[in-house]
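Working notes, structure below.
Every number in this text was worked out from the coordinates using simple rules, so none of it is lab data. Fair warning: this is a prediction, and the values are worked out from it, not measured in the lab. Neighbour counts are summed over all protein chains in view; Cβ atoms, including those assigned to glycine, are modelled from backbone coordinates with ideal geometry.
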Amino acid sequence: MVFDILTIFPDFFGTPLQEGIIRRALEDGKIQVGIHNIRDYALDRHHMTDDRPFGGGEGMVMKPEPLAECLKTVLAGDETSRVIMLSPKGPRFSQQVAQRLAVSPRLVFICGRYEGVDERFRDKYVDEELSIGDYVLTGGELAALVVIDAVSRLLPGVLGCEDSAVNDSFSCGLLKHAQYTRPRIFEGTAVPEVLLSGDHAAIARYRLVETVKLTLERRPELLLDVSFTPAEQKILKKEGLLGRIETIVREYRTERSSAG
Ligand code: ADE
């Protein structure tokens, strides 16, 4: 997978891409990241990438020409790339979006700054806008890193153990059960006995129940979009969880339909 980042702060990306799993993915050639300084494509001698908004108002707006020139050079006619602008105005980035993006051959990120980006650039060149949450960052750089991180770890061979991504919180639509490692007893608290039993079926049952309990407690709305196999339903019924799930799903659906 190739990622390209268009930014006026190219130095921003040094350290975050040089650590851990992302660093290894780069070294192994599983991902490539190109960082492009929009300022290099500014037309005037002061290399201006922003200007005052027409109609007045606070702040500065990113000019369309340097962005367009930079993007055209990076794409070099490639039509398979997906151009993504990071902005608090976009739809919310999620694990599902990460999964959808992970099958693209190339993603190009436009990191907006200041009060925004000239709308004509967005209309002509941007395939989709994404927000990483309902808060305003000083620019799209951190958001681009978040998306690159979440997408990269879904690519084949990027995580050491392939199925770690499969068992993630959210990838099956629910929050992941708690994890424990050595020592067996930490400050007087022992690891749940079943995890030491070596009984893989019992461990899988325990983890399913813990996953569902955690999701019921913290993010019950996630249960709306999940379906359980008959075997899982049997386990959840025995634990008294199936009825709770059905009630919650019914309540949310009623709420949704009455909200129109
Ligand atoms: N730029 C500023 N705030 C942002 C956000 N929440 N998500 C993506 N890009 C942004």
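Assuming R0 = 51 Å, can you tell me the calculated FRET efficiency for the pair Glu115 and Arg182, based on Cβ-Cβ distance, to the nearest 0.05?
Once rounded, the FRET efficiency stands at 0.50.
Compute the angle between helix 64-75 and the longest alpha-carbon principal axis of the chain, please, reported from 0 to 90 degrees and rounded to the nearest 10.
70
For the stretch 133-240, report the translational diffusion coefficient in µm²/s to the nearest whole number, using Stokes-Einstein at 10 °C, 1.306 mPa s, and a Kirkwood Rh over Cα pairs.
95
Rounded to whole Å and ordered largest first, report the semi-axes of the equivalent ellipsoid of the chain derived from its Cα gyration tensor (root of 5λ).
Largest first, the chain gives 43, 23, 16 Å.
Just how far, in whole angstrom, is the stretch 153-225 from the stretch 95-148 if you go by their alpha carbon centroids?
Measuring centre to centre over Cα atoms gives 30 Å.
Pulled fully out, how much extra length does the chain show between Glu251 and Gln233, if you take 0.36 nm times their separation in residues and subtract their Cα-Cα distance?
Computed gain between Glu251 and Gln233 is 4.5 nm.
Report the semi-axes of the equivalent ellipsoid for the stretch 185-259 in whole Å, largest first, where each axis is √(5λ) for an eigenvalue λ of the Cα gyration tensor.
Square roots of five times the eigenvalues give 29, 15, 8 Å.
Going through the cross-link list Lys176/Lys238; Lys30/Lys176; Lys30/Lys72; Lys30/Lys234; Lys176/Lys237, which pairs have a Cα-Cα distance over 30 Å in this structure?
Among Lys176/Lys238; Lys30/Lys176; Lys30/Lys72; Lys30/Lys234; Lys176/Lys237, the Cα-Cα distance tops 30 Å for Lys30/Lys234.
Quick check: residue separation of Ala76 and Arg52 times 0.36 nm, minus the Cα distance between them. What number comes out in nm?
Stretched out fully, the Ala76 to Arg52 stretch lengthens by 5.7 nm.
Under a plain spin-label model, where a point goes 7 Å from the Cα along Cα-to-Cβ, how far apart in nm are Asp123 and Glu210?
Inter-label distance under the simple model: 5.4 nm.
Using only the alpha-carbon atoms, how far is helix 242-258 inclined from the longest principal axis of the chain? Give it as 0 to 90 degrees, nearest 10.
Tilt of helix 242-258: around 40 degrees.
Given the -39500 (n - 2.57) contribution per DSSP H run of 4+ residues, what per-residue ellipticity at 222 nm results for the chain, rounded to the nearest 500 deg cm²/dmol?
Estimated from H runs of four or more residues: -11000 deg cm²/dmol.
Running a GNM on the chain with Cα contacts under 10 Å, which residue among Leu17, Leu142, Leu236 ends up with the highest mean-square fluctuation?
Leu236
In Å and whole numbers, how far do the C-alpha atoms of the stretch 59-104 stretch along each principal axis, longest first?
The Cα atoms of the stretch 59-104 stretch 33, 32, 9 Å along their principal axes.
Take the Cβ-Cβ distance between Val194 and Val166 as r, set R0 to 25 Å, and report the resulting FRET efficiency rounded to the nearest 0.05.
Taking R0 as 25 Å, the efficiency between Val194 and Val166 is 0.70.
Calculate, for Gln95 and Arg45, the FRET efficiency according to 1/(1 + (r/R0)^6) with r their C-beta to C-beta distance and R0 45 Å; round to the nearest 0.05.
About 0.50, to the nearest 0.05.
Add +1 for every Lys or Arg and -1 for every Asp or Glu among the other residues with Cβ under 15 Å from the Cβ of Gly240, and state the total.
+1
What are the equivalent ellipsoid semi-axes of the stretch 94-155, built from the alpha-carbon gyration tensor (square roots of five times its eigenvalues), in whole angstrom, biggest first?
After diagonalising the Cα gyration tensor, the semi-axes are 21, 15, 9 Å.
Is the stretch 78-124 rounded, prolate or oblate when judged by the Cα gyration tensor, a ≥ b ≥ c being the square roots of its eigenvalues, rounded requiring a/c under 1.5 and prolate requiring a/b larger than b/c?
oblate
Find the relative contact order for the stretch 75-154 and round it to a whole percent, using C-alpha pairs within less than 8 Å whose residues are 6+ positions apart.
Computed value for the stretch 75-154: 46 percent relative contact order.
Can you sort Tyr206, Tyr252 so the residue with the fewest Cβ neighbours within 10 Å comes first?
Ordered by Cβ neighbours within 10 Å, fewest first: Tyr252, Tyr206.
List the residues, sorted by chain then number, that are 5 or more residues from Asp50 or on another chain and whose placed amide H is less than 5 Å from its amide H.
Under 5 Å from the amide H of Asp50 lie the amide H atoms of Lys63, each far enough along the sequence or on another chain.
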